[in-house]
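Below: one structure, written as structure tokens.
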Amino acid sequence: MEKVLECYLEKTEKYLKRVPVSERTDILKEIKSGICELQNNGKNPDEIIERLGRPEDLAKAYLAGILSEEKGFSWNKFLLICAFYGMAGLSGMFIIPCLGIIAPSFIFFGAVMPVLGFIKMADSMFNIGIPYMENINICFNGIENFNPAAGFIVTVIAGVLLYLAGMGAWKLLLLYCRKTGSIKRRLSV
């Protein structure tokens with residue numbers, strides 16, 4: 001087995017530390033068997049890793065599968081639930097607030113920047129004299145005195161990039177919530 005795939009298995013095993021050794025060994029054998037089968041079907045290591053997903057997500061899926069099989073109370077189930085909520089809670093403590101702030105902020109400023117650039121350009125070109133327009137400056141690499149038309153183009157480009165980054169952050173936030181929710185639902189079964 002190639003070094004990349006062995007490293008992938010080691011990372012997955014790290015996320016399964018709280019699973020009893022016998023079950024962890026069975027899980028790793030199953031994953032290794034799947035990897036060998038994919039290699040025999042002509043898949044390269046990058047394709048295999050892409051298909052399996054991140055080691056953390058694969059471990060979470062196995063955790064959820066183990067928990068859904070067990071009925072009633074058991075210490076094993078209790079510890080697995082603690083492990084899942086510990087991982088989900090710790091990651092959610094950073095991911096949800098960061099993406100929740102970044103997404104709407106980037107979307108808002110991505111929409112506002114071109115509007116302000118257009119107003120600044122119109123004020124400069126037609127000498128309208130809009131109050132406080134002299135306080136709106138476009139600074140790029142230390143250059144503050146852009147031609148108004150060039151400044152507008154810069155604000156449009158920056159606005160589009162910010163908007164796309166905000167939409168990407170929003171999609172990541174939704175994906176994180178869906179993935180965590182689906183694992184939680186499997187734990188509840």
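The values are calculated or read from the model by the stated rules, or taken from the named source; none is laboratory data. From a predicted model like this one, the values you see are computed outputs, not experimental measurements. Every residue, glycine among them, receives a Cβ derived from its backbone with ideal geometry; neighbour counts consider all protein chains shown.
Filtering region 113-132 for residues that are farther than 30 Å from residue 182 by Cβ, at pLDDT below 75 and among the polar types (S, T, N, Q) leaves an empty set.
Pick from region 18-52 the residues that are out of contact with any helix residue (DSSP H, G or I) (no Cβ under 8 Å at 6 or more places or on another chain) and not in a helix (DSSP H, G or I): which of them is surrounded by the most Cβ atoms within 10 Å (Cβ to Cβ)? The qualifying residue surrounded by the most Cβ atoms within 10 Å (Cβ to Cβ) is 44. The residues listed here are 72, 65, 92; of these, the one that is at pLDDT below 85, more than 30 Å from residue 153 (Cα to Cα), outside any helix (DSSP H, G or I) and not β-branched (Val, Ile, Thr) is 72.
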